1. Sort out which residues of segment A:273-310 are more than 22 Å from A:GLY167 (Cβ to Cβ) and aliphatic (A, V, I, L, M), and write them in order of number.
2. Could you identify the single residue in A:SER323, A:SER293 that is more than 14 Å from chain B (Cβ to nearest Cβ) and not β-branched (Val, Ile, Thr)?
3. What number goes with the only condition from (1) under 26 Å from A:PRO263 (Cα atoms); (2) among the basic types (Lys, Arg); (3) out of contact with any helix residue (DSSP H, G or I) (no Cβ under 8 Å at 6 or more places or on another chain) that A:ARG148 does not pass?
4. Only residues that are more than 27 Å from B:THR24 (Cβ to Cβ), surrounded by 18 or more Cβ atoms within 10 Å (Cβ to Cβ) and of a type in the set (Gly, Ala, Ser): list them for segment A:161-190, please.
5. When you check A:PHE289 against the structure, is it more than 22 Å from the chain's Cα centre (by Cα) and either without any contact (Cβ under 8 Å) to a residue 60 or more places away in the chain or assigned to a helix (DSSP H, G or I) (or both), yes or no?
6. In this structure, is A:TYR206 surrounded by 18 or more Cβ atoms within 10 Å (Cβ to Cβ) and in contact with a helix residue (DSSP H, G or I) (Cβ under 7 Å, 6 or more places away or on another chain)?
7. Of A:ILE236, A:ILE216, which residue is surrounded by 19 or more Cβ atoms within 10 Å (Cβ to Cβ), at negative phi, touching a Cys at 6+ places or on another chain (Cβ under 6 Å) and more than 14 Å from chain B (Cβ to nearest Cβ)?
8. Report yes if some residue within segment A:300-312 is among the acidic types (Asp, Glu), closer than 18 Å to A:LEU145 by Cα and within 18 Å of the chain's Cα centre (by Cα); otherwise report no.
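The values are calculated or read from the model by the stated rules, or taken from the named source; none is laboratory data. Predicted model, so just to flag it, every value in this text is computed and none were measured. Every residue, glycine among them, receives a Cβ derived from its backbone with ideal geometry; neighbour counts consider all protein chains shown.
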Amino acid sequence: MSWFPRDQWYVAAYGSEIAHDLFTRTVCGEPILFWRTRDGSVTAMPDRCVHRRFPLSQPPSRLVDDQVVCGYHGFTYDSGGKCVAVPGQARIPRTARLLPYPVVEQDSFVWVFIGDPANADASRIPRAPWLVDPGYTTVCGMEPLGARYGLLVDNLLDLSHETYLHGGYIGTPEVASTPINTSVDEDAGVISVSRRMDDAECPPFYSKSTGLQGRIARWQDIEYMPPCLYTLHSRIAPVGSVPRADGTDPDAFHVEVVYAITPETETSTHDFWAVARDFALGDEEVSAFLAESNRTVVLQDVEALNVLEKVIAAEPEGFQELSINIDTGGLAARRVLGRLCEKS
Amino acid sequence: MKTTTGRRVFRIHWVPGTDRLHATCHCAAEREFEDPVELWEWLLAHPEGHTP
């Protein structure tokens with residue numbers, strides 16, 4: 001059994017991170033080299049020269065047009081991973097080749113497929129369309145997490161922790177005290193957790209960005225598409241307001257919170273986060289506030305989970321935990337991830 | 001929120017005003033629990049012990 005689900009798509013980067021320059025990131029234990037070619041597409045291949053394993057992202061390795069030249073002995077590869085030059089001889093060994101990763105740029109993310117490339121079906125990549133929708137303004141970031149990815153999944157599937165870990169930011173008493181409804185769609189591969197607070201305190205995160213004062217209706221509808229993509233549909237509205245029968249919801253503010261949870265190693269994770277809103281479009285002040293506030297909240301999680309990782313790593317495997325009602329969604333996620341790992 | 005369209009959907013409803021969880025299997029079997037771990041064991045045992 002693999003420690004992570006294989007034959008799956010993972011977010012490796014934001015598209016904005018990859019220019020016509022060498023870029024590396026480790027995904028599921030595999031160091032991957034990226035660059036954006038002259039025609040604008042993103043390449044992905046192992047970040048190791050086949051010769052003596054020197055990292056191709058490591059200077060003096062360099063990019064020359066659309067070929068990467070190994071900084072150790074000069075092995076040269078094209079954007080498809082084919083070796084086109086080796087030092088001192090004309091014959092290029094048949095095995096001198098880097099197997100490219102299937103890569104798709106979509107919804108502002110660069111997705112790579114970790115597994116057998118023959119199984120890479122791009123139609124299976126879950127969507128986060130708000131991140132590139134002109135009807136939304138998005139702020140985003142990525143924080144390195146020194147903890148196994150499962151701890152971040154646990155964290156995000158149970159938002160009752162907002163009341164305690166994020167009090168004064170996004171947590172209010174009602175989050176922890178409001179019951180949740182959970183569903184698992186086995187066929188669609190979606191875990192949903194819904195918490196509807198109809199009369200709640202408005203945390204500063206929303207009062208300062210929306211201008212709403214006093215108590216609010218606050219809905220949190222999570223959809224987790226294992227293993228990588230997590231979305232939180234957040235609805236903030238005056239108390240008593242509900243969406244209209246035709247589906248429009250003019251009195252409410254909507255925030256789509258998106259996380260990509262990408263394992264780096266067994267005990268570290270790339271924590272991609274994005275916040276897309278359908279109000280104050282293009283307002284730089286609101287963007288700066290939401291970016292700073294959300295990053296603060298993410299870093300509160302990172303700090304807590306980094307500590308938790310150390311605690312768990314020091315304990316015997318299978319140490320007894322206690323689960324209660326708030327953990328229903330997290331337990332479902334663990335089960336689905338466990339099943340995907342068993343198949344790997 | 002996106003409507004789930006798959007055929008096999010497990011639903012767990014927190015019974016208002018209580019600490020109990022109401023589980024419904026995709027086969028329509030239903031049962032209440034106080035412990036989510038026991039709840040998942042029952043749901044995943046489908047069809048064992050599931051009488052609609």
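1. Looking only at segment A:273-310, we keep the residues that are more than 22 Å from A:GLY167 (Cβ to Cβ), and these are A:274, A:276-288, A:309-310.
Hits for segment A:273-310 are A:ALA274, A:ALA276, A:ALA280, A:LEU281, A:VAL286, A:ALA288.
2. Details: A:SER323 fails: more than 14 Å from chain B (Cβ to nearest Cβ).
Sole residue among the options that is more than 14 Å from chain B (Cβ to nearest Cβ) and not β-branched (Val, Ile, Thr): A:SER293.
3. Here A:ARG148 meets the rest and fails (3).
4. The one that is more than 27 Å from B:THR24 (Cβ to Cβ), surrounded by 18 or more Cβ atoms within 10 Å (Cβ to Cβ) and of a type in the set (Gly, Ala, Ser): A:GLY171.
5. Values: more than 22 Å from the chain's Cα centre (by Cα): no; either without any contact (Cβ under 8 Å) to a residue 60 or more places away in the chain or assigned to a helix (DSSP H, G or I) (or both): yes.
No, not satisfied.
6. On the way: surrounded by 18 or more Cβ atoms within 10 Å (Cβ to Cβ): yes; in contact with a helix residue (DSSP H, G or I) (Cβ under 7 Å, 6 or more places away or on another chain): no.
The answer is no for A:TYR206.
7. Numbers: A:ILE236 fails: touching a Cys at 6+ places or on another chain (Cβ under 6 Å).
Result of the check over A:ILE236, A:ILE216: A:ILE216.
8. Taking segment A:300-312 first, the residues among the acidic types (Asp, Glu) are A:301, A:303, A:309.
With the extra rule that they be closer than 18 Å to A:LEU145 by Cα, the set shrinks to A:301, A:303, A:309.
Subset that is within 18 Å of the chain's Cα centre (by Cα): A:301, A:303.
For segment A:300-312, residues among the acidic types (Asp, Glu), closer than 18 Å to A:LEU145 by Cα and within 18 Å of the chain's Cα centre (by Cα): present.
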